[in-house]
Amino acid sequence: MPKTKLGLAVCGSFCTFSKIMPIAEAIAEDCELTAIMSENAAGMDTRFGCAENARERLREITGRDVICTIPEAEPIGPKQLFDVLAVAPCTGNTLAKLANGIADSTVTMACKSHLRNGRPVVIAISTNDALGTNAKNIGELLNRKNIYFVPFRQDDPQGKPNSMISDLSLLKDTVAAALEGRQMEPVILGPRG
Ligand SMILES: Cc1cc2nc3c(=O)[nH]c(=O)nc-3n(C[C@H](O)[C@H](O)[C@H](O)COP(=O)(O)O)c2cc1C
């Protein structure tokens, strides 16, 4: 059986980098993994680490150059590079663009290019405005063909009541379901036990 060709698109939710790296490592054992980074994810040094290290780590995990520009992302659709594309973590910024047909970054271009083949995109949200400004965009994408969500929950209902985060431990199972045309359920998780 040929390995699943999975694109992993990482956006600028910098606090999530430490969670996605080990998951990417595990996925790389079973899938042919290629990483994509938004310009912000690939270029910003923050209090969570330096951009160069994150890029290098993804290059090591996948054994391939990271796709970091719109011209590098454009062939994803025409060359049918992936069976499935996961945006994990997906920022509120990228989520809003995807919901509104904007493709002005590497990750949004990757999604647009991949979706033209009618193949699944899996979104793992990580955003403080999920139940605020971005609630309508989540609703829009929940109802969009070929888009699937990694189940998510409020991560700090008292401290950050509008914040929601996908449970990245469910990424692999969500991808498997999406490849069968199914949304993993329940898509809204209860409080972490
Ligand atoms: C330290 C730091 C942490 C951030 N964490 C998040 C986050 O968890 N979720 C989010 O939606 N945006 C977060 N942002 C804001 C995004 O990086 C910003 O909206 C950026 O424009 C996203 O670009 P992208 O969607 O192209 O990656 C963070 C920014 C910084 C500097």
Residues of region 48-67 that turn out to be within 16 Å of the ligand (Cβ to nearest atom), in contact (Cβ under 8 Å) with a residue 24 or more places away in the chain and surrounded by fewer than 20 Cβ atoms within 10 Å (Cβ to Cβ), as a count: 2
Number of the exception - ALA130 against (1) in a loop (DSSP other than H, G, I, E, B); (2) closer than 22 Å to LEU58 by Cα; (3) within 11 Å of the ligand (Cβ to nearest atom): (2)
Answer residue from region 109-123, given it is out of contact with any Cys (no Cβ under 6 Å at 6 or more places or on another chain) and in contact (Cβ under 8 Å) with a residue 40 or more places away in the chain and is farthest from the ligand (Cβ to nearest atom) among those: ASN117
Matching entry among ALA124, ALA96 (being in a helix (DSSP H, G or I), crowded, with 19+ Cβ neighbours inside 10 Å and at pLDDT 95 or above): ALA96
Region 159-177 residues that are over 14 Å from ILE23 (Cβ atoms), paired with ones that are among the basic types (Lys, Arg) (beta carbon under 7 Å, 6 or more apart): MET164/ARG153
Cβ-Cβ under 6 Å pairs, at least 6 apart or on other chains, region 181-193 side touching a residue at least 12 places away in the same chain (Cβ under 8 Å), far side of a type in the set (Val, Ile, Thr): MET184/THR174
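The values are calculated or read from the model by the stated rules, or taken from the named source; none is laboratory data. These numbers come from a predicted model, not from an experiment. Here Cβ is always computed from backbone atoms with ideal geometry, including for glycine, and neighbour counts include all displayed protein chains.
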